[in-house]
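Below is one structure, written out as structure tokens; the observations come after it.
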Amino acid sequence: MKKYVVCMLLAMAVAVVADSSLPLNEGVANADFLSFLEKNVFLEQNLARTDPKKYATFLEKRRSYYSGRYIKIPGRITIRTREGVRAVDEAIAFLKRQRALKPLKLSKGMSRAARDYAQLQGPRGLLGHYSGGTRPSSRVNK
């Protein structure tokens, strides 16, 4: 998936954490090592992977909450995105063409490595697999 689609998934996971229309408990029953947000991002990814056309329909419904670069869901905090509604449209088009894929499986070690790296990159505004002086293999092996 392209970078903007992944960013879109994260934004939507944040926006729909309490949405009861999505199966937000499948596959994370024993994932006490994940935060609430991490669990929901994982589940959003799997929903988009296993049923991309259904996820495209979900995004089409959510599209109406966009105003330029902002997601304004009634009763929730407004979220400013970098890409805005254009990324939503691109994600919808991509998902409509995408075939279903197998769901991702949780890995405690990979999840911890990803969290550590996000905590390294986030405050510094870093991007990429090799920023912060670490290599992907060294982070995973840790």
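The values are calculated or read from the model by the stated rules, or taken from the named source; none is laboratory data. Computed from a predicted structure; not experimentally measured. All Cβ positions, glycine included, derive from the backbone under ideal geometry; neighbour counts span all protein chains shown. We work out accessible area using only protein heavy atoms, side chains counted, and drop any ligands, DNA or RNA first. Shrake-Rupley method; radii C 1.70, N 1.55, O 1.52, S 1.80 Å.
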Exercise for the section: Sort 55-63, 134-142 for me by packing, meaning the mean count of neighbouring Cβ atoms within 10 Å per residue, highest on top. Expected result: 55-63, 134-142
Exercise for the section: From the P(r) of segment 64-142, can you give the percent of Cα pairs sitting at distances over 18 Å? Expected result: 65 percent
Handout entry: Accessible surface of segment 81-140, 1.4 Å probe, proportion on carbon and sulfur as whole %
Key = 56 percent
Problem - Average accessible area per residue (Å²) across segment 39-102 - probe 1.4 Å, nucleic acids and ligands excluded - result: 61 Å²
Practice task
Could you check the simple spin-label distance between S137 and A93, using points 7 Å along Cα→Cβ, in nm with one decimal?
Solution key: 3.9 nm
